Amino acid sequence: MSATFLDSTEIAELTGRKIKSKQIDALRKTGLPFFVNATGHPVVARSAIEARTPAAAPAKKKWTSNALKAN
C-alpha cells in the first residue's frame with residue numbers, strides 16, 4: 001500500500017469495477033480527481049478520498065434581507 005496513492009484493490013473497491021476502463025468511467029461520473037498512468041490504469045491520490053467527508057462541506061448561511069442587515 002502506498003501512502004500517497006490508492007492501490008489497485010482499493011480502486012476496485014471504491015469504483016465497484018475490476019476493469020480499468022470501467023474504473024475510469026466510474027471515477028469520471030463521481031468527479032473524483034485522478035489521472036491515467038502509462039499502463040492505462042487510473043491513479044487516485046489518497047488525499048482526494050480522505051478530503052471527501054460530509055464534515056468538510058461548508059455550512060450554508062441563511063438568507064437575510066439587506067434591509068434587515070442595515071439595522
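Structure above, values below:
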| item | result |
| --- | --- |
| Considering residues of the range 15-35 that are of a type in the set (Gly, Ala, Ser) and modelled with pLDDT of 95 or more only, the residue surrounded by the most Cβ atoms within 10 Å (Cβ to Cβ) | ALA26 |
| Residue list for the range 1-24, restricted to those being in contact with a Lys or Arg (Cβ under 8 Å, 6 or more places away or on another chain) and part of a helix (DSSP H, G or I) | ALA12, THR15, GLN23 |
| Options ALA55, ALA38; residue that is at pLDDT below 80, of a type in the set (Gly, Ala, Ser) and farther than 18 Å from GLU13 by Cα | ALA55 |
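The values are calculated or read from the model by the stated rules, or taken from the named source; none is laboratory data. The structure presented is a predicted model; accordingly, all values stated were derived computationally and were not measured. For neighbour counting, all protein chains shown are included, and Cβ atoms are generated from backbone atoms with ideal geometry for every residue, glycine included.
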